[in-house]
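> Structure below; questions to follow.
The values are calculated or read from the model by the stated rules, or taken from the named source; none is laboratory data. Computed from a prediction, not measured in an experiment: that's the story for all the values here. Positions of Cβ are backbone-derived with ideal geometry, glycine not excepted, and every protein chain shown enters the neighbour counts.
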Amino acid sequence: MSDIFDEQNQIKANYIKWGKVADFISGTLIDVREVASNLPDKQGEMQKNYEILVESGSYHNIDENKKVAAVATSLVVGDVYIVGGKVGIDAQMRRVEIGQKIGMKFISENPPKTKGYNPFKLIKVYTTGEKNQEWLEKQGLSVKDIVG
C-alpha cells in the first residue's frame, strides 16, 4: 500500500508565472476567488485569483531565486491554471463573465517605480465574448443563467 502523504502525491496549484514577454494562456474563465495576499506590504488585503480551463498556452517559470527558466512550460489542455490578479488584470477582467473564453498575454516589462520592487509586467486580457457552451452545460448553466 502506498503512502498517501508521500511528497510525490502532493497536489499543487497550477499558477501562471509571467517569466518572459509573450507568455500566454487561453481558455475559459471558470471561477474567480478572493484570497488573502501574502505579499509583505499587502498582508491581509484580498487578491483575486482567476481560474482558467486551458485551451492553450505556455509560460516561463520563475524559481524562488527569481531566476526565469530558459525553456517554456507548456500548459496542459483541460487542466485548470490560476492567474493571480493585480490592478491592471482586475480592471480588464471586470468585463469578463464566468464561462467566457479569454486569453491573457504578457506584453511588456518595465522597470519598477519603487526601488527594490519587481518590474511592472503588462498583461493584456482578450476576448471575443464567446461562451464555452460545453462547459456551461456541464455545470448545469446556460448563457441566460450567466447573463441574467
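> For Val21, which of the numbered conditions (1) at pLDDT 95 or above; (2) assigned to a loop (DSSP other than H, G, I, E, B); (3) farther than 19 Å from Phe106 by Cα fails to hold?
For Val21, the failing item is (3).
> Take segment 50-102 and flag every residue that is closer than 21 Å to Asn132 by Cβ, of a type in the set (Ser, Thr, Tyr) and touching a residue at least 40 places away in the same chain (Cβ under 8 Å).
Tyr50, Tyr81 - these are the residues of segment 50-102 that are closer than 21 Å to Asn132 by Cβ, of a type in the set (Ser, Thr, Tyr) and touching a residue at least 40 places away in the same chain (Cβ under 8 Å).
> Then there is this: Of the conditions (1) closer than 19 Å to Lys105 by Cα; (2) of a type in the set (Gly, Ala, Ser); (3) in a loop (DSSP other than H, G, I, E, B), Gly27 clears all except one; give me its number.
Checking Gly27 against (1) closer than 19 Å to Lys105 by Cα; (2) of a type in the set (Gly, Ala, Ser); (3) in a loop (DSSP other than H, G, I, E, B), the one that fails is (3).
> Please work out if Gly103 is within 18 Å of Asn14 (Cβ to Cβ) and under 15 Å from the mean Cα position of the chain (by Cα).
Taking the combined requirement at face value, the residue satisfies it.
> Okay, moving on. Taking the condition modelled with pLDDT of 95 or more, hydrophobic (A, V, I, L, M, F, W, C) and surrounded by 11 or more Cβ atoms within 10 Å (Cβ to Cβ), does Val68 pass?
No: the conditions fail for Val68.
> Next up: Filter segment 1-18 down to the residues that are closer than 30 Å to Phe106 by Cα and without any contact (Cβ under 8 Å) to a residue 60 or more places away in the chain and list them by number.
Across segment 1-18, the qualifying residues are Gln10, Ile11, Lys12, Lys17.
> Next question. Scanning for something surrounded by 11 or more Cβ atoms within 10 Å (Cβ to Cβ), aliphatic (A, V, I, L, M) and at pLDDT 95 or above, does segment 107-117 turn up at least one residue?
yes
> Picking from Ile89, Ile62, which residue would you name as being hydrophobic (A, V, I, L, M, F, W, C), modelled with pLDDT under 95 and more than 20 Å from Leu141 (Cα to Cα)?
Among Ile89, Ile62, only Ile62 is hydrophobic (A, V, I, L, M, F, W, C), modelled with pLDDT under 95 and more than 20 Å from Leu141 (Cα to Cα).
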